[in-house]
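The values are calculated or read from the model by the stated rules, or taken from the named source; none is laboratory data. Source: prediction; values computed, not measured. FYI the Cβ positions are ideal-geometry reconstructions off the backbone, even for glycines, and counts take in every protein chain you see. When the accessible area is computed, the model is the full protein with side chains, heavy atoms only, and any ligands, DNA or RNA have been set aside. Shrake-Rupley method; radii C 1.70, N 1.55, O 1.52, S 1.80 Å.
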Amino acid sequence: MLLREVEYTKPSSIAEALTNLAANDGARALAGGQTLINVMKARAASPDVLVDLSGLEELKGIELGSDGTLSIGPMTTYTELMDSAEARARPILGEVCSKIADVQVRNRGTIGGNVCANDPTNHLPPLMAAIGAELTITGANGERTVPASDFFLGVYMTAVGQTELLTRITIPAGKHDGFAAVTLGVDGTCIVNAAASMNGSLRIAIGCVDAVPVLIEAESPDTVRAAVRAAALHPPDDVHASSEYRAHLAEVLAERAARQAVGK
Amino acid sequence: MTTIAPEKVEVGKSLLGESVPRKEDRRLTQGQGVFVDDIKRHGMGYLHFVRSPYAHAHITSIDVSKAEEIKGVYGTLTGEEVAVLTDPFFQIASEPGGRIKDFSLAVGKVRFVGEPVVAVVAETRELARDASELVEVEYEPLDALVDARVALESDAPVLHDDAGGNLMWEGVYEWGDLDQAFAEADQVIKIDELHFHRFNSTPLECDGALVEYNRGTGQWTIHTNNQFPGFAAIMMGPAMRCGLDKLRFVTQDIGGGFGNKITSHPQLVTCCLLSRKLNRPIQWTEWRTDFHMSMSHGNERWFRDTEVAVKDDGTLLGFRTKALDDAGAWLRYEPLGGVIWAQVTPGMYRWRHIRVEFTQVATNKAPVSPNRGYSRMQHLWFTERVIDIVARELGLDPVDVRKRNYIRAEDMPYETPNGCIYDSGDYAQMLDIALDLIGWDSMGEKRRDAESRGKRLGVGIGSTLDSGTNNFGQSRMINPELQFSGNNEVATVKLDIFGEIVVTLGTTPQGQGHETTASQVVAEILNCSLDDVHVRAGHDSYWNSHAGFSGTYASQFAVTGLSAVKGATEMLREEIKKLASVIFGGVPVEALELAEGGVRIKDNPEAFLPFMACGAIINANNAGLPEDLGVTLNCRYVYRPPFQVPDIERKFGNLTLTYAAQIHVAVVEVDPETGYYDIVDYAAVDDCGKRINPQIVEGQVMGATAQAIGAVMHETFEYDEDGNLLTPNFYDYHVPHALDMPPLHTGAIESPSPFTPLGTKGMGEGGGAGIHAVCAAIQDATGKIVTDSHNPYHRVWELMR
Amino acid sequence: MNVSGERTFSAPRATVWRVLNDPASMAKVMPGVEGFDVHDSGRWTANVKIPLGLGGLRMKVDMEKTEEREPEFAKMAIKGTGVGAMLNMVTSFDLREADGACAMAWSAEVKIAGPVGSMGQRVLQPIVNQQVENVLSALEVQVQEALRAE
Amino acid sequence: MNVAVTVNGTVYERDVEARKLLIHFLRDDLDLTGSHIGCDTGNCGACSVILDGTLVKSCMVLAVQVNGSEIETVEGLADGEQLTELQQAFTDHHALQCGYCTPGMLMSATSLLRSNPSPSDEDIRKALQGNICRCTGYWNIFEAVKSVAR
């Protein structure tokens, strides 16, 4: 509890938000706050300025394109996504969001916040990587679009620079997706998770085993385990799992997610 | 949920045994409870502790000047000042643990991560924390000792030089004839090592206090959620060099305790010293991470080199084991855990030959203190593990081994090998009920069904005892110099001017519904309505309604608390009659009865004196009453259970008054590929003698069960090799939430205690049965012996490899 | 936590040695250096803000060379003090000639204490790996720069 | 910074630091101590309130963020002395012991029943997943909520 002193701004446009971020290298975007505020309570991180994005309507909402492409504003909450008729075009999104934390967190936490935090135990980084999401980043010099496979750079680090914002998440059409996790209690924090998508080829992204989701390609579910083994993972140890156990779960869950994806 | 309960006997609609709604709920459901952090005072300063980042280090310097310079900072307190202003806390231990010097802040050295080193007080909570970051403490790190098993090795880091090593206490307990038992045995089952892990009940409200110092009277008023003020007082008074009259403890609502709120006396001393030093009220709130790092972990214990003497048919003759207990860095209630387990020495079984070598050591971890099931849970987990391991080794059914060895209903009251008296019970019957509740007969089918889904099903039994109402004389087995014995509790019941029946208790309830059950007893005796009885919320030493052992801990309210209420209410009833006898002009008291909120002549109910009149006469209209009337209508009763001082030499005697019993059965399904498992069915059968309010009793059973499920599956205070706590918050310390709860069936029988005034037994701590049951179920499902009380998925996976 | 590895630099051993012992170069290699003081040839102090994504972790880092065998071996004790985190690290490197290039075998024993040490267990290992990777890449750059300057 | 907010129908205006959490604002500044604090990581839910119709944990919202909003807390549930059906059900089913989690639990259940007056058993469990109770094991809480489902 008890944050360090911090300044607070609530911009009314993306341009203003970018200006606020550029004005101080200790400025950080505040999305739903369901990760960042907790980190600040521990004083493990203490931004000088919080740039609250909650007033930016252009960062909200879900649009379904005629080709089935979903365009999701990063400030969309998990609950909004679960309830969205459009988002049902890619059912895995709502299914996975319904397993994140709890009602209160889902009511406030955002899709953009989840991917930008890139905590290794988060659900969405591997999902985005597996289903081939593209992330649009806006900065002073305009927009660029990064595939999810290049978006995650490290623990708590993504391609979004300190003076930039994630402004759009684009998800291609598809429905042959799967997600499997072993969690701390029912639907708790992920110990290892894996997302899979069959879209021409079978792509699997494994979370919690490295600083960023590990992407695996396989011919079929039958070859997934060998493919995971070939990736020679060295997952971290912690109180919930040894490195060896995580490596084992990675194989099992990758295969389970793949079978789900192919089965749909 | 299914429930099996004894049929209600309708005898003149007694209130005792009725699930009346709780009096506490009205305020608590409206957010109108008063918890310690809700209390504010003008000009109060918020206290924040600077805590040790190291598990073990010398403090080479402390500089508070930068913190004190900040505007809004009221002041600081360091260990150096504490060492001048106070004496070390009294130690319960004999040699060598008794030699350690424990102060309220670290002096010269830190011994666990999170240990308070400096206290900073400021105008706001945030500012106090800001300023604490400016306190400069230089440390010289030392090697940390985190594994109790190497604590006594010659090269182990030593925590307390005063004690000359890490041994805090040791004692050998032996009863019966071990040589004979092992000679008679068909087989000796050997178990190298069993480990009971570190966790606690993590009450949702952490510790806290608001302390005011009255400079004129030299008295402190301590608003706190400490659950055993009697103990806090005897720790704090001598340390602070003041009489206990100078320490006024006040509590109202407490957000859960489970034993974990007994040992906050060091923090309370710091608050007291600062309120005097800074001449203002001091507010201290402990946050979750603080609590996890520094408060009241449950005892971690190893059982090594265990040998069990058994017959081929599963008859248990005896066992010997070496218990090694990890006390953490300080002895704040320890080494009492070194004897408390002996209340349940044989568990529920009839073996007569037992030897336990008990050793307690210090380590660089948070100090241990009572946790629901204190010290008995560890020992009972051990006896239950032994039963299931024996059954497996002999190829016998764990149900049969239990039934063959359970102490039988006809053996009650049963004297254990160490002189404890199990008052009543029927364990075999409880087991039958529990097995029925989970559909024992169809278990084969369920196993096959699970297998068809790729899962492995396992069933496990946990049978356990909840011993209540301590005989504090057992502390002398730890230290013969101690002058404690017996137990007591106080209640006062008075009739006020307008007829209010006002009850004050010595207890500090944390959700056990004392206001409700005390009202039931009072209303029953005074033959009035529950609404007429006003039980004061919480505890206040000013009420003069407490004695040395007052508090809420160790499964005893239904015995000590309610017996005190009963005693005081009966005194009041007799006084009311005595007064009425005079008012009615000499009608003999035998001719009077209490009814409908007053007293009347049995044969002439028209002659009725309402309580209001009685209260008014004595309190405000008493001219002309006989001089020797001897009626105050303000009755104080101290209940004292019938105890003798135990035989310290033989370590023999009755250590506790009542023995509630629990049989739990858990059914688990394990995913053999991942070790992930779910509890798919669960039964809990309880016997706590006469139940005053069955709903409250069942609530305790449920809550304790949930805590056991959390402990066995997820909850652990684990440290890395440097002494960093790896589970310092609810993110990594996963407590069960709504989706984690299995289906639950509850059952109950009532075997009234022959030793207590109401036939009640203390209860609430029997949930440890859940740990035993789940361990046994995992053993059943995996076919591998379970040697740890903590079985997260990765451990189950490792078991199956 | 123990981390170790080996890295080959396409530069003579003497150049690598010089870079590793030059405070100015080291200031560019360490993550988030905001200030760097040289007390003497064996003792340096850096004020750093280690970039951790959600925000930087400020630390005062004291470094002391405890052992040295020019041009092949050095050992350093590093102590970092920050709010919420204490860092204690002993690191050493071995340099050997390898076909005109220089192979560096390095190892570090890292201890992190304080709330960050406790809370971050889950992410500490990946973060340390990441930081090490950054340091080695920066070192590579410094070595190449030194080579060009020669 | 200035914050104007309506809590349980009453308008409050206060000057607060940007760093103040909504839960501290409610408890310390507005003296609405019914909402509680049971953790420091957003896990326990004791601080749950309804913010502009949405259930949130007030320890993960800054006070400055609620400027212009409407908040409902446990103190606003009962109509004078008249408990809500749900509050009554909590006492009837012994769904609370120490009562510390109860305010948050009631807010979560209230929010559930507003959006879904006929929740299934699974709906109830999912709705209460974010609220930790250490006393009851939740079973009686499920029963209480179920009893007022239509």
Quiz item: Across the protein assembly as shown, how large is the tail of the calculated P(r) beyond 51 Å, expressed as a percent of all Cα pairs?
Solution: 30 percent
Practice problem: With 5 Å bins from zero, work out the P(r) of the stretch B:609-726 over every alpha carbon pair and list the percent per bin. | Solution: 2, 6, 9, 9, 8, 9, 10, 10, 9, 7, 5, 4, 3, 3, 2, 1, 0, 0
Exercise. Run through all the Cα pairs of chain C and give the fraction in each 10 Å bin from 0, expressed as whole percent.
Key: 11, 42, 35, 11, 1
Exercise. Indicate, rounded to the nearest 5 percent, the antiparallel portion of the DSSP beta bridges found entirely in the stretch B:458-538.
Key: 60 percent
Quiz item: Whats the longest run of chain B with zero GluC sites (Glu not before Pro) that are DSSP loop and have at most 11 other Cβ atoms within 10 Å?
Solution: B:154-480
Quiz prompt | Relative contact order %, chain D, counting alpha carbon pairs below 8 Å whose residues are six or more apart | solution = 25 percent
Quiz item: When you look at the Cβ of every residue in B:689-696, what mean number of other chain Cβ atoms sits within 10 Å?
Solution: 1
Quiz item: In whole angstrom, how far apart do the alpha carbon centroids of the stretch B:247-274 and the stretch D:27-53 sit?
Solution: 23 Å
Practice problem: Work out the mean other chain Cβ neighbour count within 10 Å for the residues of A:95-106 and drop it here as an integer. | Solution: 6
Quiz item: With each run of n ≥ 4 DSSP H residues scored as -39500 (n - 2.57), what mean residue ellipticity at 222 nm is computed for the protein assembly as shown after dividing by its residue count and rounding to the nearest 500 deg cm²/dmol?
Solution: -8000 deg cm²/dmol
Quiz item: Quick one: if the Förster radius is 35 Å, what FRET efficiency do residue D:4 and residue D:85 give, using the C-beta to C-beta distance and rounding to 0.05?
Solution: 0.60
Exercise. Sort all Cα-Cα distances of the stretch B:389-519 into consecutive 5 angstrom bins from zero, then give the percent of pairs in each bin up to the one containing the longest distance.
Key: 2, 7, 10, 11, 11, 12, 11, 10, 9, 7, 5, 3, 2, 1, 0
Quiz item: Counting every Cα pair in the stretch B:340-450, what percent are over 23 Å apart?
Solution: 43 percent
Quiz item: Does the stretch A:147-264 classify as rounded, prolate or oblate by the C-alpha gyration tensor (a ≥ b ≥ c root eigenvalues; a/c under 1.5 gives rounded; else a/b over b/c gives prolate, otherwise oblate)?
Solution: oblate
Quiz item: Chains A and C: buried accessible surface, both sides, probe 1.4 Å, rounded to 100 Å²?
Solution: 1700 Å²
Practice problem: Would you jot down the residues in the stretch B:77-126 that end up with at least 20 Å² less accessible area in the complete protein assembly than in the chain alone, with a 1.4 Å probe? | Solution: B:125, B:126
Quiz prompt | trypsin sites (Lys or Arg not before Pro) lying in DSSP loop within the stretch B:233-329, provided at most 11 other Cβ fall within 10 Å | solution = B:241
Quiz item: With all protein chains present, how much of the accessible area of the stretch B:273-364 (probe radius 1.4 Å) comes from carbon and sulfur, to the nearest whole percent?
Solution: 40 percent
Quiz item: Given a 1.4 Å probe, how much area per residue of chain B is accessible, in Å²?
Solution: 32 Å²
Quiz prompt | Inter-chain shielding of B:698-707 (mean C-beta neighbours from other protein chains, 10 Å cut-off) | solution = 5
Practice problem: Answer rounded, prolate or oblate for chain B, using the Cα gyration tensor with square roots of eigenvalues a ≥ b ≥ c: rounded when a/c is under 1.5, else prolate when a/b is larger than b/c, else oblate. | Solution: oblate
Quiz item: Which ³J(HN,Hα) values in Hz, rounded to whole numbers, follow from the phi angles of the stretch A:71-79 under the Karplus curve 6.51 cos²θ - 1.76 cosθ + 1.60, where θ = phi - 60° and Gly and Pro get x?
Solution: 10, 10, x, x, 8, 5, 7, 4, 4
Quiz item: Ignoring ligands, DNA and RNA, what percent of the accessible area of the stretch B:365-466 is carbon or sulfur (1.4 Å)?
Solution: 42 percent
Quiz prompt | Stokes-Einstein translational diffusion, the stretch B:580-655 - Kirkwood Rh over all Cα pairs, 0.692 mPa s, 37 °C, in µm²/s | solution = 209 µm²/s
Quiz item: By a straight-distance test (C-alpha under 26 Å), which lysines pair with residue B:446 as possible cross-link partners, with residues fewer than eight away in the same chain excluded?
Solution: B:403, B:455, B:784
Quiz item: Simple spin-label model, 7 Å along Cα-to-Cβ: residue C:138 to residue B:152 in nm?
Solution: 5.1 nm
Quiz prompt | Within the stretch A:91-204: Cβ-based charge dipole about Cα centre, in debye rounded to nearest 20 (Lys, Arg +1; Asp, Glu -1) | solution = 120 debye
Practice problem: When a/c is below 1.5 the answer is rounded, else prolate if a/b is larger than b/c, else oblate, so apply that to the stretch B:444-498 with a ≥ b ≥ c taken from the square roots of the Cα gyration tensor eigenvalues. | Solution: oblate
Quiz prompt | Charge sum, other residues only, whose C-beta stays under 12 Å from residue A:152's C-beta, Lys/Arg counted +1 and Asp/Glu -1 | solution = -3
Practice problem: Could you run the numbers on buried accessible area between B and A, total for both chains, 1.4 angstrom probe, in Å² to the nearest 100? | Solution: 2400 Å²
Quiz item: With solvent modelled as a 1.4 Å probe, how much accessible area in total do chains D and B shield from it at their shared surface, in Å² to the nearest 100?
Solution: 4600 Å²
Quiz item: According to a simple spin-label model (label point 7 Å from Cα along Cα-to-Cβ), what is the distance in nm between residue B:217 and residue A:143?
Solution: 7.2 nm
Quiz prompt | Residue with peak Gaussian network fluctuation, chain A [Cα springs, cutoff 10 Å], from A:220, A:66, A:197 | solution = A:66
Quiz prompt | Theoretical FRET efficiency, 1/(1+(r/R0)^6), r = Cβ-Cβ of residue C:101 and residue A:5, R0 45 Å, to 0.05 | solution = 0.35
Exercise. Show which aspartates and glutamates lie in cross-link reach of residue A:10 when reach means a straight Cα distance below 13 angstrom and same-chain residues fewer than eight apart are skipped.
Key: A:52, A:57
Quiz item: Between residue A:133 and residues 5 or more places away or on another chain, which pairs have amide H atoms under 5 Å apart, with H built 1.01 Å from N, and which residues are they?
Solution: A:148
Quiz prompt | Those lysines that a straight Cα-Cα span of less than 21 Å connects to residue D:146, excepting residues fewer than 8 apart in one chain | solution = D:126
Quiz item: Loop-only check: which GluC sites (Glu not before Pro) in the stretch A:159-264 are DSSP coil with at most 13 other Cβ within 10 angstrom?
Solution: A:219
Exercise. Starting from the Cα of residue C:94, step 7 Å along the direction of its Cβ; do the same at residue B:4; then give the gap between the two resulting points in nm.
Key: 7.0 nm
Quiz item: What do you get for Rg/Rh over chain A if you use C-alpha atoms and the Kirkwood form of Rh?
Solution: 0.97
Quiz item: On the first, second and third principal axes, largest extent first, how far apart are the outermost C-alpha atoms of the stretch B:532-673 in Å?
Solution: 83, 45, 32
Quiz item: Normalised by the residues of the stretch B:563-640, what does the relative contact order come to in percent, with Cα pairs under 8 Å and at least six apart?
Solution: 38 percent
Quiz item: So for the stretch B:345-444, taking the charge dipole from beta-carbon charges (+1 Lys/Arg, -1 Asp/Glu), which of B:386, B:417, B:369 sits furthest toward the positive end?
Solution: B:369
Practice problem: Of the options A:39, A:8, A:114, report the single residue whose Cα projects farthest towards the positive end of the charge dipole of the protein assembly as shown (beta-carbon charges: Lys, Arg +1; Asp, Glu -1). | Solution: A:8
Exercise. Go through D:41-47, A:14-20 and give me the packing order, highest mean Cβ count within 10 Å leading.
Key: D:41-47, A:14-20
Quiz item: Among B:677, B:697, B:714, whose Cα lies farthest out toward the positive end of the dipole of the stretch B:665-723, if unit charges sit on the beta carbon of Lys, Arg (+1) and Asp, Glu (-1)?
Solution: B:697
Quiz item: How would you rank A:96-102, B:690-696, highest first, on the average number of other Cβ atoms within 10 Å across their residues?
Solution: B:690-696, A:96-102
Practice problem: About the Cα centre of the stretch B:512-644, how large is the charge dipole given +1 on each Lys and Arg Cβ and -1 on each Asp and Glu Cβ? Please answer in debye to the nearest 20. | Solution: 360 debye
Self-check item: Relative contact order of the stretch B:640-729, defined on C-alpha pairs under 8 angstrom at six or more residues apart (%)
Solution: 16 percent
Quiz item: Here are some pairs, B:23/B:246; A:99/A:264; A:99/D:57; B:101/B:365; which of them have Cα atoms lying more than 25 Å apart in this structure?
Solution: B:23/B:246
